[in-house]
Amino acid sequence: MATADPADAVFAALSDGTRRSLYATLGERGEATATDLARGLPVSRQAVQKHLGTLAAAGLVATRRSGREVLYRPTPGPMSEALEWMAEVGAQWDDRLAALERQLARRRHQGASGLSHRTGA
Amino acid sequence: MDELVERELTVPESVEEVWRSLAEPEWLGEDAAIELREAGAVRAGERGGFVEEVDAPRRLVFWWSAPDEEATRVELDLDETDTGTHIRVTESRPLAILDGRDLAIEFGAWGGGAGPVASAGGMLAGARR
């Protein structure tokens, strides 16, 4: 995937439901083979391997060889960079919009008790 | 594809009333201020930035950044509904490479609105719709 921003590859890789669930399963298990992962899913081992390749290209999973097996494990780095930012900024806007709502409500009450000016509603 | 955060809120006030509240931005954080004009200053605590676009009372776009952080672009859109105002805010970091202060200086030099940064931002915003 020839994208300048690693976050693009991350989001593209995680735009697919099967890949998200594979990534989540790897997160729970720590390490697994494609055969292990395919067992819990309604897809073939080949399909799982292809999805793991996409996750690996995005830097989300790493591989290591153990005898005849290839073991996949999650690498949280690129995921956390993009998603931590979104989680943090999202939480900040939740707070700010809650504050805006309070500010508007305060003004509404002041308006009602002070001036007898009301917009018809 | 930008990293993007989107939040929505519906309040019973009219679009004009919500817009007036945006101009008194205690809600934006401690020690906050927004000059509601193109290239106007934006400040909220240690964050600083500038206004890219103002279309009163419906749309406000500004850039800001905290010290040592990437500049991000904030879009606030107000839409009239049957019961009040729908507020939509999106924050994105489309130009993660650029430092916020450099951006503000360059934007200032172009006199607001017509600079390449503003165009790039507009294109990115447009591409999402």
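What to note about this one:
- Meets criteria (touching a helix residue (DSSP H, G or I) at 6+ places or on another chain (Cβ under 7 Å) and away from every other protein chain (no Cβ under 11 Å)) for B:GLU52: yes
- Whichever residue in segment B:36-77 is charged (D, E, K, R) and within 11 Å of the chain's Cα centre (by Cα) and, among such residues, is farthest from A:GLU88 (Cα to Cα): B:GLU38
- If you go through segment B:52-63 and keep only what is without any contact (Cβ under 8 Å) to a residue 24 or more places away in the chain and surrounded by 16 or more Cβ atoms within 10 Å (Cβ to Cβ), you end up with just B:VAL54.
- First in segment A:43-71 and over 14 Å from A:GLU31 (Cβ atoms), second anywhere and surrounded by fewer than 13 Cβ atoms within 10 Å (Cβ to Cβ) and of a type outside the set (Gly, Ala, Ser), Cβ under 8 Å, 6 or more apart: A:ARG45/A:THR35; A:ALA57/A:MET1; A:ALA58/A:MET1
- Selected residue [surrounded by 15 or more Cβ atoms within 10 Å (Cβ to Cβ) and modelled with pLDDT of 85 or more] from A:ALA12, A:ALA32, A:ALA7: A:ALA32
- If the condition is being of a type in the set (A, V, I, L, M) and either surrounded by fewer than 18 Cβ atoms within 10 Å (Cβ to Cβ) or modelled with pLDDT of 90 or more (or both), then segment A:35-60 contributes A:LEU37, A:ALA38, A:LEU41, A:VAL43, A:ALA47, A:VAL48, A:LEU52, A:LEU55, A:ALA56, A:ALA57.
- Subset of segment B:80-94 [at the interface with chain A (Cβ under 9 Å from one of its Cβ atoms) and assigned to a loop (DSSP other than H, G, I, E, B)]: B:THR83, B:GLY84, B:ARG93
- Qualifying residues in segment B:16-37 (those that are within 23 Å of B:ALA66 (Cβ to Cβ) and either touching a Pro at 6+ places or on another chain (Cβ under 7 Å) or buried (at least 18 other Cβ atoms within 10 Å of the Cβ) (or both)) - the one farthest from the other protein chains (Cβ to nearest Cβ): B:ALA33
- Residue in segment B:64-72 that is buried (at least 17 other Cβ atoms within 10 Å of the Cβ) and among the small types (Gly, Ala, Ser) present: yes
- B:GLU13, sole failed condition from (1) in contact with a Phe, Trp or Tyr (Cβ under 7 Å, 6 or more places away or on another chain); (2) within 7 Å of another protein chain (Cβ to nearest Cβ); (3) part of a loop (DSSP other than H, G, I, E, B): (1)
- The listed residues are A:ARG102, A:ARG96, and the only one of them that is charged (D, E, K, R), at pLDDT 85 or above, loosely packed, with under 15 Cβ neighbours inside 10 Å and closer than 30 Å to B:SER14 by Cβ turns out to be A:ARG102.
The values are calculated or read from the model by the stated rules, or taken from the named source; none is laboratory data. Treat the numbers as computed from the prediction; the structure is a model and nothing was measured. As a convention, Cβ positions derive from the backbone with ideal geometry for all residues, glycine included, and neighbour counts pool all protein chains shown.
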